[in-house]
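Reading through the structure tokens given below for one structure.
The values are calculated or read from the model by the stated rules, or taken from the named source; none is laboratory data. Here the structure is a predicted model, which is why all the values come from computation and not from measurement. For neighbour counting, all protein chains shown are included, and Cβ atoms are generated from backbone atoms with ideal geometry for every residue, glycine included. Just so you know, the surface numbers come from the protein's heavy atoms only, side chains and all, with ligands and any DNA or RNA stripped out. Shrake-Rupley method; radii C 1.70, N 1.55, O 1.52, S 1.80 Å.
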Amino acid sequence: MTDSLNPGLEGVAVAETRLSQINGGQGNLAIRGFPIDELAGNARYEETVFLLLNGRLPTSTEYADFRDELSSHRQISEEVQAVLRRAAREEKPAMDALRMGVAAANLGVTEQDQGEDVRRVIAVFPTIVATYWRYRQGKEPVTPRDDLGHTANYLYMLTGEEPSEAQVAGLETYLNTVADHGLNASTFSARVVVSTGSDLVSAVTAAVGTLKGPLHGGAPGPVLEMLREVYETGDAERYVRETLDAGERLMGFGHRVYRARDPRAAVLESAAKRFYIDGGDADFFDAAQEFEDIATDLLSEHMPDRQLETNVEFYTAILLDGVGIPKDLFTATFAISRVGGWTAHALEQMDDNRLIRPSSHYVGDTQRSWTPVAER
Ligand code: ACO
């Protein structure tokens with residue numbers, strides 16, 4: 001008997017999860033039962049992670065304790081700093097630097113404690129990204145501050161200046177919105193790794209590598225470049241037509257699961273609006289919305305049988321730019337959020353594990369016979 005062939009594992013369910021629920025047809029997303037728009041605008045990132053890990057919102061004492069536990073793990077070792085300095089000097093992309101930093105995150109850790117491992121790995125992500133970025137700017141890293149929350153501290157470590165409330169709120173909404181999303185490719189990587197009995201740091205390192213690609217988390221940088229280019233030329237329709245006629249994909253559109261507008265786009269759109277409409281570059285924001293309308297229309301003309309709508313990355317680019325996150329750090333900032341989902345999924349997989357090991361259909365040569373090297 002031959003197993004059925006499902007390229008890209010489309011439509012194949014390989015796990016039960018209690019973390020996030022996606023309705024791709026209707027365009028809905030809930031995290032542990034909370035609709036994404038309600039969670040994103042209300043939670044602090046630490047609350048979202050607590051919710052993912054524990055299945056319920058923390059009490060105020062639990063929240064304060066969890067926040068303290070995370071902040072106590074923010075420091076990175078000199079050895080990791082040295083790796084990041086070298087990565088910055090060689091102008092490696094931020095996601096490469098993050099992968100190298102995360103892989104070394106348990107240096108000096110001798111005792112095994114799963115809870116501590118989870119908190120440490122989540123806590124060091126912003127420090128790794130910000131340290132790399134400071135070196136890229138030719139500056140010294142900024143020491144993390146215990147009195148700031150996870151989100152505010154990340155922004156503080158990037159610049160050395162305390163961020164505004166608006167910046168923190170905008171980034172907090174973003175981090176909450178993208179913290180988990182079903183069995184996306186990077187989460188799947190993390191689950192595959194722990195399904196073999198391997199460890200959490202290995203799982204998260206593999207997930208970082210998976211998130212990097214433009215078909216997954218690497219899209220928002222190109223989205224911003226596209227929108228800036230179109231804003232300057234003022235001809236969205238021509239840009240979209242030329243892209244589609246060339247057989248290329250329009251970044252920030254289309255999704256494996258959604259056959260509707262990605263619900264996270266609406267959350268990020270309204271969070272982004274605040275940075276542009278009041279005293280910001282309102283014209284750019286209007287142009288981006290107009291681009292979205294034109295692109296959606298032309299995509300449906302181009303591919304009437306496949307509903308291609310805005311995905312999360314379109315307004316990610318606009319929001320993160322408004323908050324002041326450098327374009328080169330967009331995907332790494334995505335990882336700073338998604339590590340909450342990766343670790344929660346890894347624990348869920350460990351709790352009820354079965355080795356993830358699909359099969360393949362062999363389509364290569366058969367019945368060959370060996371020729372010694374001298375006769376080839
Ligand atoms: N622009 C133009 N055509 C597209 C797009 C797009 N953005 N997305 C899909 N298509 C087309 C494909 O070319 C394909 O056409 P074909 O059958 O003639 O080859 C058809 O739609 C189906 O596409 P698939 O690649 O089979 O769909 P899949 O589910 O694998 O793709 C993906 C999802 C990778 C996100 C895709 O829509 C894409 O490449 N989008 C652009 C990149 C992007 O925005 N990435 C961020 C995704 S969100 C996230 O991961 C956080």
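The conditions are (1) small (Gly, Ala, Ser); (2) buried (at least 16 other Cβ atoms within 10 Å of the Cβ); (3) away from the ligand (no atom under 16 Å from the Cβ), and GLY197 fails exactly one of them. Which is it?
(2)
For the range 59-103, how many residues meet the condition of being among the basic types (Lys, Arg) and open to solvent by less than 30 Å² (accessible area, probe 1.4 Å)? Spell out how you get there, then give the answer.
Taking the range 59-103 and keeping what is among the basic types (Lys, Arg), we get 67, 74, 85-86, 89, 92, 99.
Still in the running and open to solvent by less than 30 Å² (accessible area, probe 1.4 Å): 74.
Residues that pass the stated criteria total 1.
Checking SER20 against (1) assigned by TED's automatic domain parsing to the domain that holds THR151; (2) in contact (Cβ under 8 Å) with a residue 24 or more places away in the chain; (3) open to solvent by less than 70 Å² (accessible area, probe 1.4 Å); (4) not aliphatic (A, V, I, L, M): exactly one of these is not met. Which one?
(1)
For the range 293-305, which positions are assigned to a loop (DSSP other than H, G, I, E, B) and more than 10 Å from the ligand (Cβ to nearest atom)?
Within the range 293-305, the first condition is being assigned to a loop (DSSP other than H, G, I, E, B), and the residues that meet it are 303-305.
Matches in the range 293-305: PRO304 only.
Are any of the residues in the range 280-290 within 26 Å of SER337 (Cβ to Cβ) and within 11 Å of the ligand (Cβ to nearest atom)?
Looking only at the range 280-290, we keep the residues that are within 26 Å of SER337 (Cβ to Cβ), and these are 280-281, 284-285, 288-289.
Then keep just the ones that are within 11 Å of the ligand (Cβ to nearest atom); that gives none.
The answer is no, given that none of the residues of the range 280-290 is within 26 Å of SER337 (Cβ to Cβ) and within 11 Å of the ligand (Cβ to nearest atom).
Among the residues of the range 186-225, which ones are of a type in the set (D, E, K, R) and either in a loop (DSSP other than H, G, I, E, B) or in contact with a His (Cβ under 7 Å, 6 or more places away or on another chain) (or both)?
In the first step, residues of the range 186-225 are kept if they are of a type in the set (D, E, K, R); the result is 191, 199, 212, 225.
Listed by number, the residues that qualify are ARG191, ASP199, LYS212.
It is to be established whether one or more residues within the range 249-267 are outside the structural domain of ALA179 (by TED's automatic domain parsing), open to solvent by 30 Å² or more (accessible area, probe 1.4 Å) and of a type in the set (Asp, Glu). It would help to see each step written out before you state the result.
Going residue by residue through the range 249-267, those that are outside the structural domain of ALA179 (by TED's automatic domain parsing) are 249-267.
Within this subset, residues satisfying the condition of being open to solvent by 30 Å² or more (accessible area, probe 1.4 Å) are 249, 251, 255-257, 259, 261, 266.
Checking the rest, the ones that are also of a type in the set (Asp, Glu) come to none.
No: the range 249-267 contains no residue that is outside the structural domain of ALA179 (by TED's automatic domain parsing), open to solvent by 30 Å² or more (accessible area, probe 1.4 Å) and of a type in the set (Asp, Glu).
Confirm whether ASN353 is in contact with a strand residue (DSSP E or B) (Cβ under 8 Å, 6 or more places away or on another chain) and either at pLDDT below 95 or not aromatic (Phe, Trp, Tyr) (or both). So that I can check it myself, show each step before the final result.
On the way: in contact with a strand residue (DSSP E or B) (Cβ under 8 Å, 6 or more places away or on another chain): no; either at pLDDT below 95 or not aromatic (Phe, Trp, Tyr) (or both): yes.
Here the answer is no, as ASN353 does not meet what is asked.
Filter the range 68-96 down to the residues that are touching a residue at least 60 places away in the same chain (Cβ under 8 Å) and among the hydroxyl-bearing types (Ser, Thr, Tyr) and list them by number.
The answer is SER71, SER72.
Is there any pair linking a residue in the range 55-67 that is in contact (Cβ under 8 Å) with a residue 24 or more places away in the chain to one that is open to solvent by 50 Å² or more (accessible area, probe 1.4 Å) and outside any helix (DSSP H, G or I), with Cβ under 7 Å and at least six apart or on different chains, and which?
Between residues of the range 55-67 that are in contact (Cβ under 8 Å) with a residue 24 or more places away in the chain and residues that are open to solvent by 50 Å² or more (accessible area, probe 1.4 Å) and outside any helix (DSSP H, G or I), the close pairs are GLY55/ARG18; GLY55/ARG32.
Which of the residues belonging to the range 206-220 are open to solvent by less than 30 Å² (accessible area, probe 1.4 Å) and away from the ligand (no atom under 11 Å from the Cβ)?
Scanning the range 206-220 gives ALA207, VAL208.
Being within 16 Å of the ligand (Cβ to nearest atom) and open to solvent by less than 10 Å² (accessible area, probe 1.4 Å) narrows it down to one residue among ALA203, ALA130, ALA190, ALA185; which is it?
Selected residue: ALA190, the only one of ALA203, ALA130, ALA190, ALA185 that is within 16 Å of the ligand (Cβ to nearest atom) and open to solvent by less than 10 Å² (accessible area, probe 1.4 Å).
Quick one: THR333 ticks every box in (1) under 30 Å from THR127 (Cα atoms); (2) part of a helix (DSSP H, G or I); (3) not assigned by TED's automatic domain parsing to the domain that holds PRO93 except a single one, so which number is it?
Answer for THR333: the failing condition is (3).
Among the residues in the range 306-325, are any more than 17 Å from the chain's Cα centre (by Cα), within 14 Å of the ligand (Cβ to nearest atom) and not charged (D, E, K, R)?
yes
Would you confirm whether or not the range 265-277 contains a residue that is in a loop (DSSP other than H, G, I, E, B) and either within 14 Å of the ligand (Cβ to nearest atom) or touching a Pro at 6+ places or on another chain (Cβ under 9 Å) (or both)? Break it down stepwise before answering.
Within the range 265-277, the first condition is being in a loop (DSSP other than H, G, I, E, B), and the residues that meet it are none.
No.
Output yes when any residue across the range 117-134 is under 17 Å from the mean Cα position of the chain (by Cα), among the basic types (Lys, Arg) and modelled with pLDDT of 95 or more, and no when none is.
Looking for residues that are under 17 Å from the mean Cα position of the chain (by Cα), among the basic types (Lys, Arg) and modelled with pLDDT of 95 or more, one finds none in the range 117-134, hence no.
If you scan the range 226-264, which residues turn out to be within 13 Å of the ligand (Cβ to nearest atom), at positive phi and either part of a helix (DSSP H, G or I) or free of Cβ contacts under 8 Å to residues at least 60 places away in the same chain (or both)?
GLY247, GLY254
Just the residues that are of a type outside the set (Ser, Thr, Tyr) and open to solvent by 50 Å² or more (accessible area, probe 1.4 Å), please, taken from the range 291-323.
Kept after step one, since they are of a type outside the set (Ser, Thr, Tyr), are these residues of the range 291-323: 291-295, 297-299, 301-309, 311-314, 317-323.
Matches in the range 291-323: ASP293, ASP297, GLU301, HIS302, MET303, PRO304, ASP305, ARG306, GLN307.
Take the residues of the range 24-51 that are polar (S, T, N, Q) and open to solvent by 60 Å² or more (accessible area, probe 1.4 Å): which is nearest to ALA190 (Cα to Cα)? It would help to see each step written out before you state the result.
We begin by selecting, within the range 24-51, every residue polar (S, T, N, Q); these are 26, 28, 42, 48.
From what's left, open to solvent by 60 Å² or more (accessible area, probe 1.4 Å): 26, 28, 42.
On the way: GLN26: 27, ASN28: 24, ASN42: 28 Å.
Here the residue is ASN28.
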